[in-house]
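Just below is one structure, and these are the notes that go with it.
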Amino acid sequence: MKMASRPRNKSKGIVCVILAVMMAFSSVTVPQRTQAAVEKNFSGTGKSTVSISDAESYQMDLQKPITHYIKFKAGVTGYITLKFVSDSKLLNAKTGERVMAEGDITLCDSKKSAIGVMEAWYSKKAYTGDNARTYGVLKGKTYYFKVESWGGVKISANVVKVAKSSANSKAKAKNLAMGKSAKGVMIAGQKKSDWYKVKLTKGAKLKIEYTAKTMGYADAKQYGYQEAGLRFTFVMNTKDGKWTAKTDLTPLKPNNSVKITMRDEKYGTLHNLPAGTYYVKVEPINKKSSGYYTLKWTTYS
């Protein structure tokens, strides 16, 4: 699987962007007075956009970015996807090109306490998958998105309604017919799992297909960040317990589509799985993870 572009080292990123953009490369006058963050809001349903200007993004006298808390009260249970598009008017004095904004985002609760991991976002097209983040939300609950931006940015939000499954244990697993696509959501601040039942009436080669829209990287720990995202686990209902394939089944980046051909580990090669009942468990990697997923299984020859 191809590795995703990694989040930047925050301290180096701050120094680079502040010096290069706000001081050396800027052809735009940036206010010297400290700018107070103005409360901004996303709509509870549908689509909406929040803008942060160049002047609102940085405090020259304190030499640090301005922290914005964007309020969001969920009108439905489902997910919200944020996309970041640079709107900076700052110019690179060497190339004459506009600076591409980047920054950090953290999901917070109604008291502005973090319930999600801090994630770096980018607006450059080169960073595929890094300009969007998806969070699972609960109807009626108030959230804040803590945003810091180095340069002006437009943040678009899209809220989609998705029912939360009640099949949160193996005993309650929901039967998933072959070729039928399931849709689910992991709610921010919760550590509940969704379970699905796969029944093979005869031996067959099994393929699991899924998409994941999340707010973090599953392998971020090795890069100095907290891991986040969704985990998919295939469970064999055998006498000797369960067989899991967490590494193979877990998306590495925030927006991922994956197709996995299951192997019978007993033989170490691609092999028909025997007739029987199998399970797929979907869960957030940790309590600060959330997002949306689809899941489907088929057989192949």
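The values are calculated or read from the model by the stated rules, or taken from the named source; none is laboratory data. The model shown is predicted, which means the values in this text are computed figures rather than measured ones. Cβ: placed from backbone, ideal geometry, glycine included. Neighbour counts: every protein chain shown. Quick note on the areas: whole protein, heavy atoms, side chains included, nothing else; ligands and nucleic acids left out. Shrake-Rupley method; radii C 1.70, N 1.55, O 1.52, S 1.80 Å.
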- Query: For the range 136-145, does any single residue satisfy the condition of being at pLDDT below 95 and under 15 Å from Pro254 (Cα atoms)?
  - Reply: no
- Note on the structure: In the range 106-127, anything at pLDDT 95 or above and of a type in the set (Val, Ile, Thr) is listed as Thr106, Ile115
- Query: What about Leu230, is it of a type in the set (A, V, I, L, M) and over 16 Å from Asn256 (Cα atoms)?
  - Reply: no
- Item | Those residues of the range 62-116 which are of a type in the set (S, T, N, Q), out of contact with any Asp or Glu (no Cβ under 8 Å at 6 or more places or on another chain) and either assigned to a loop (DSSP other than H, G, I, E, B) or open to solvent by 70 Å² or more (accessible area, probe 1.4 Å) (or both), in sequence order | Gln63, Thr77, Asn92, Thr95, Ser110, Ser113
- Task: Find all pairs meeting these conditions: Cβ atoms under 7 angstrom apart; at least six residues apart or on different chains; first residue within the range 230-243 and open to solvent by 10 Å² or more (accessible area, probe 1.4 Å); second residue at pLDDT below 50 and not in a strand (DSSP E or B).
- Result: Arg231/Lys246
- Selected residue [more than 25 Å from Gly229 (Cβ to Cβ) and either part of a loop (DSSP other than H, G, I, E, B) or not aromatic (Phe, Trp, Tyr) (or both)] from Ala55, Ala120: Ala55
- Could you please find all residues in the range 181-193 being among the basic types (Lys, Arg) and either part of a strand (DSSP E or B) or surrounded by 21 or more Cβ atoms within 10 Å (Cβ to Cβ) (or both)? Lys183
- Exception for Pro251 within (1) under 18 Å from Pro284 (Cβ atoms); (2) modelled with pLDDT under 80; (3) part of a helix (DSSP H, G or I) falls at (3)
- Message: Taking the criterion of being over 30 Å from Thr277 (Cβ atoms) and open to solvent by 30 Å² or more (accessible area, probe 1.4 Å), would at least one residue in the range 160-180 satisfy it?
- Response: yes
- Listed residues Ser166, Ser149, Ser181; which is closer than 25 Å to Lys253 by Cα, of a type in the set (Gly, Ala, Ser), at pLDDT 90 or above and over 19 Å from the mean Cα position of the chain (by Cα)? Ser181
- What is the one condition in (1) at pLDDT 80 or above; (2) open to solvent by 20 Å² or more (accessible area, probe 1.4 Å) that Tyr196 does not satisfy? (2)
- Message: Just to be sure before I move on: is Trp121 open to solvent by less than 50 Å² (accessible area, probe 1.4 Å), among the aromatic types (Phe, Trp, Tyr), under 25 Å from Tyr210 (Cα atoms) and without any contact (Cβ under 8 Å) to a residue 60 or more places away in the chain in the structure I sent?
- Response: yes
- Among residues of the range 205-229, those that are under 20 Å from Ala114 (Cα atoms) and assigned to a helix (DSSP H, G or I), counted: 2
- Meets criteria (part of a loop (DSSP other than H, G, I, E, B) and either surrounded by fewer than 20 Cβ atoms within 10 Å (Cβ to Cβ) or modelled with pLDDT of 90 or more (or both)) for Lys202: yes
